[in-house]
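A quick write-up on the structure given underneath.
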Amino acid sequence: MLMVLDVGNTNIVAGVYGKGTWLAHWRLSSNRARTSDEFGILLGSMFNYSGVNMKDISDVIISTVVPPLLVPLCNMCKRYFGITPFVVTSKIKTGLILDYDNPTELGADRIVNAVAAHTKYKDKGNLIIIDFGTATTFCVLRPSGEYLGGAIAPGIGISTEALFQKAAKLPRIELIKPPKSICHNTIQAMQSGVIFGFVGQMDGIITRMKKEMGGQGFVVATGGFSKLMASESRLVDVVEPFLTLDGLQILHELNKR
């Protein structure tokens with residue numbers, strides 16, 4: 001079985017793949033102070049809870065945008081699984097053409113998402129991939145696998161937290177859709193500004209990207225807020241909650257050959 005680790009700035013998403021399907025998946029915080037033993041014990045508890053045997057893991061692949069966590073996670077894999085993990089970089093086999101000024105600057109998460117979207121939807125034409133994580137990233141692909149680049153914006157969660165921290169009278173809020181855009185209390189007014197504001201940002205960037213590509217683009221959304229954002233937009237074609245995990249599994253198959 002394969003274990004995948006998608007390490008983001010806010011969360012680490014772990015998944016176990018075997019027999020052609022995802023057998024388990026978990027989410028834990030990206031605490032940079034954690035040691036390899038702490039990660040090993042946490043994952044061990046999650047394996048036990050899900051009824052998956054750690055001894056059945058034969059391969060591990062890691063994608064990370066948090067370099068300080070790579071060493072403890074690699075050490076954890078060696079100690080608790082007896083495996084040296086495969087780490088995603090711009091230099092591995094991806095099946096893509098990275099049309100980027102400096103491919104080493106390209107986040108591993110964007111590469112993984114692009115690989116998964118290209119594998120699943122290349123027959124749809126040009127692709128626009130949106131990942132709602134700590135940052136909101138937009139990636140653009142041609143059907144040939146040419147990665148054209150994209151855009152990066154502040155994420156919904158950190159933007160909302162900044163509003164709470166920097167504006168003395170504004171509270172921390174739950175990110176749910178308000179009943180309408182014109183609101184009569186502070187909490188709903190903040191929800192309106194954040195949610196509808198980010199939908200407007202998303203749709204605006206999608207529209208510009210489609211225009212630059214000749215007017216066509218199939219839009220794939222993933223990440224924690226993807227369902228919420230897609231529900232308020234007519235421009236998102238499909239939501240893929242496990243796009244990054246799928247991309248890691250695809251990259252593992254591609255690079256073990």
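In percent, what relative contact order does the stretch 113-205 have, based on Cα pairs under 8 Å that are 6 or more apart in sequence? The partial results should precede the final answer.
Details: 118 pairs, mean separation 15.0, N = 93.
The value is 16 percent.
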Would you kindly derive the ³J(HN,Hα) couplings of the stretch 61-66 from the backbone phi angles with the Karplus curve 6.51 cos²θ - 1.76 cosθ + 1.60 (θ = phi - 60°), listing them in order in whole Hz, with x for Gly and Pro? 10, 10, 10, 9, 10, 10
Quarter of the surface of the C-alpha convex hull for the stretch 107-178, i.e. direction-averaged projected area in nm², equals 6.2
Only Cα pairs within less than 10 Å get springs; with that Gaussian network setup on the chain, which residue of 245, 69, 23 has the largest fluctuation? 23
Which whole-angstrom value gives the distance between the alpha carbon centres of the stretch 1-77 and the stretch 234-251? 19
Total charge dipole magnitude, the chain, about the Cα centre, Cβ charges on Lys, Arg, Asp, Glu only, Debye to nearest 20: 180
Hey, what's the per residue convex hull volume over the C-alpha atoms of the stretch 38-147, in cubic angstrom? 138
Restricting to the chain, compute how many DSSP beta bridges are antiparallel as a %, nearest 5. 60
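Which trypsin sites (Lys or Arg not before Pro) in the stretch 98-184 pass both tests, a DSSP loop state and at most 10 other beta-carbon atoms within 10 Å? Walk me through the numbers on the way to the answer.
Values: sites: 110, 120, 122, 124, 166, 169, 172, 180; in loops: 169, 172, 180.
Filter output for the stretch 98-184: 169, 180.
Given the Cα-Cα distance of residue 66 and residue 35 and 0.36 nm per residue of separation, how much length would full extension add, in nm?
Value of the extension gain: 9.7 nm.
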Cα centroid separation - the stretch 190-206 against the stretch 109-139, whole Å: 20
From the alpha carbon gyration tensor of the stretch 4-89, can you work out the equivalent ellipsoid semi-axes (sqrt of 5 times each eigenvalue) and give them in Å, largest to smallest? 19, 14, 13
Pop a pseudo-label 7 angstrom from the Cα along the beta-carbon direction at both residue 48 and residue 144 and give the gap in nm to one decimal. 5.4
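Work out the FRET efficiency for residue 11 and residue 180 from their Cβ-Cβ distance, taking R0 = 30 Å, and round it to the nearest 0.05.
Working: r = 31 Å, r/R0 = 1.04.
Computed FRET efficiency for residue 11 and residue 180 comes out at 0.45.
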Which of these, 137, 89, 21, has the largest mean-square fluctuation under a Gaussian network model of the chain (Cα springs below 10 Å)? 21
Where does the chain land on Rg(C-alpha)/(2.2 N^0.38 Å)? 1.06
Which value in Å does the Kirkwood hydrodynamic radius of the stretch 97-241 take, with 1/r averaged over all unlike C-alpha pairs and then inverted? 16.0
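Tell me what the chain gives for mean residue ellipticity at 222 nm when only DSSP H runs of n ≥ 4 count, each as -39,500 (n - 2.57), the sum divided by the residue total, rounded to 500 deg cm²/dmol.
It lands at -11500 deg cm²/dmol.
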Choose one answer from 92, 129, 111: the residue with the largest mean-square fluctuation in a GNM of the chain with alpha-carbon springs under 10 Å. 92
Exposure proxy order (Cβ contacts within 10 Å, fewest to most) of 205, 61: 205, 61
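Where a number appears in this text, it was derived from the coordinates with a stated rule and is not lab data. None of the values given here were measured: they were computed from a predicted structure. Backbone-built Cβ (ideal geometry, glycine too); neighbour counts: all protein chains shown.
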